[in-house]
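Let me begin by presenting the structure, written as structure tokens, before commenting on it.
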Amino acid sequence: MAYRVTLIPGDGIGPEITEATVRVLEATGVVFEWERYDAGVDYMARTGDTTPLPQAVIDSIKRNKIALKGPLTTPIGTGFRSVNVAMRQELDLFACVRPCKLYPGIPSRFDKVDFVIFRENTEDTYAGLEFEKESEGVQVVRELVERLYNKKIKAGSAITLKPISESGSERIVRAAFEYAVANNRKKVTIVHKANIMKFTDGLFLEVGRRVAQDFPQIELEDLIVDNTCMQLVIRPETFDVIVTENLYGDILSDIGAGLIGGLGVAPGANIGSAATVYEPTHGSAPKYAGTNLANPLAQLLSASMMLKDLGETDAARRMEQAIIECLREKKVTPDLIANHVDKGLTTIEFADAIIEKLQRIPARA
Ligand code: NAD
């Protein structure tokens, strides 16, 4: 049976890393029927379309319930907010799952890093509730604050709202605990700043503690976000599953990527009840666009998450083993070469090296 998957190569390095990934995926023997769609600012510039996210893309993902996506550039200085945020909100992809696993052969300061971040994707300061300086919205909020708190917000301020709901917190924390149980993880760390934001982060923590009671076999820990940043860079091996709000999760994901060798190797998935979009943590890396030197690993490992979720665990295992063999033999793109002497492979050469290994790894009956 062929899996029908929406494929969005995206902007910048997106098409190169996606082509490499599709090649490797097809070499596993699993059959895909790709529904390919262009989106993003490069697509707008090429076609003259006025939107970076055509409705047909959203409809395709809703139909197929599964998508593999490259990065999309966020247009600066136009009316568009982030295309990625818009897609997550449109499809209610409430959980951003980012595994941070250090593979052998990748240059890193650490020996063992293996934790997973669950980032809430739809709320918080990323909900898009912003008021521009001197707008009517700012005026209304200023008046409200003055009336309720007897405090003044400085003139000339812009304001962002931070909604955190009970239901939004419940579903992300539950997803993290369910993942922990299903993947034999031992501990979930709730990351927050409830000491300062008593109502929003306080609610997130309170709901998290309540949900944790349904999972007595999993250890619960809670940590303040600044402390978490420090702990991550001195003893990352103490983390197992992290669950947190949108903004903290965004920042912690990049710290996690740094711990495992950089953005070029950090995969991810955005999960909702109706669809899952697999995509790397990194952006469109404009400086590498068109050079064929971008690392396809983050996209490949996102695709490996997709294979596992589809139940194609043996294909995922073979692909991961082939990747590990290439990493050990330094058959990799330049970003993973620490000695600055070897030049490294191009994106497609790296993919072909993985395919060569893959073809020698027998499938399990
Ligand atoms: P970026 O992730 O594109 O790049 C950050 C750094 O990592 C750069 O030095 C880049 O060259 C390097 N890098 C990233 N991916 C790499 C890869 N595969 N191989 C080798 N090196 C890699 O972040 P940025 O420069 O802040 O963002 C560029 C654009 O991408 C922005 O418009 C941003 O909004 C967008 N973005 C999109 C997504 C997404 O689609 N999910 C995520 C993050 C950023």
Most mobile of E123, E329, E221 in a GNM of the chain (Cα contacts under 10 Å): E329
P(r), alpha carbons of the range 32-91 - 10 Å bins starting at zero, rounded %: 20, 58, 20, 2
Part-to-part distance (alpha-carbon centres) for the range 45-89 and the range 182-232, which is given in Å: 32
On Cα atoms only, tilt of 14-27 relative to the major axis of the chain in degrees: 50
Bridge type composition, the chain - antiparallel percent by DSSP, nearest 5: 40
Alpha carbon convex hull of the range 74-132, volume per residue in cubic angstrom: 148
Whole-percent pair-distance distribution, where bins are 5 Å wide, for the alpha carbons of the range 277-364: 3, 14, 22, 24, 20, 12, 5, 1, 0
Charge dipole magnitude, Cβ of K and R +1, D and E -1 - the chain, Cα centre, debye nearest 20: 480
Segment E170-S82, length gained on full extension (0.36 nm per residue, minus Cα span): 29.1 nm
Whole-Hz couplings from phi, Karplus 6.51/-1.76/1.60, listed for the range 147-153; x for Gly and Pro: 5, 7, 10, 6, 10, 10, 8
Where a label projected 7 Å from the Cα of K308 along Cα→Cβ would reach, residues of the range 349-365 with amide N under 18 Å: 364
Spherically averaged projected area in nm², based on the convex hull that wraps the Cα atoms of the range 179-222: 2.9
Segment K65-Q213, length gained on full extension (0.36 nm per residue, minus Cα span): 50.2 nm
Size of electric dipole in the range 124-163: Cβ of Lys, Arg +1 and of Asp, Glu -1, about Cα centre, debye, nearest 20: 260
Positive-end residue, the chain charge dipole about Cα centroid, Cβ charges, pick of I348, N150, P216: P216
Potential lengthening between F199 and I224 on full extension [0.36 nm per residue; Cα-Cα distance subtracted]: 7.5 nm
Entries of K69/K287; K154/K287; K287/K308 with Cα pairs more than 30 Å apart: K154/K287; K287/K308
FRET efficiency estimate (nearest 0.05) - Cβ-Cβ, K187 to L148, R0 41 angstrom: 0.55
Subset of K65/K198; K62/K198; K62/K330; K133/K193 violating a 31 Å alpha-carbon distance limit: K65/K198; K62/K198; K62/K330
Other-chain or far-sequence residues with amide H under 5 Å of Y278's (modelled H): A67, L68, K69, N270
Over the chain: helical MRE at 222 nm, DSSP H runs n ≥ 4 each giving -39500 (n - 2.57), nearest 500: -12500 deg cm²/dmol
Cα extents of the range 104-190 along the three principal axes, largest first (Å): 54, 34, 21
For the range 124-163, the spread of Cα positions along each principal axis, largest first, Å: 27, 19, 13
Rg [Å, one decimal], Dmax [Å, integer] - the chain, C-alpha atoms: 21.3, 71
Residue-normalised accessible area of the chain, given per residue in Å² at a 1.4 Å probe: 47
5 Å-binned pair-distance histogram of the range 197-343 (Cα, whole percent): 2, 7, 13, 16, 18, 18, 13, 6, 4, 2, 0
Accessible surface of the chain [probe 1.4 Å, protein heavy atoms]: carbon and sulfur percent: 53
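The values are calculated or read from the model by the stated rules, or taken from the named source; none is laboratory data. Just so it is clear, the model here is predicted, and its values are computed rather than measured. Please note: Cβ atoms are built from the backbone with ideal geometry, for glycine as well, and neighbour counts cover all protein chains shown. SASA here: full protein model, heavy atoms, side chains in, ligands and nucleic acids out. Shrake-Rupley method; radii C 1.70, N 1.55, O 1.52, S 1.80 Å.
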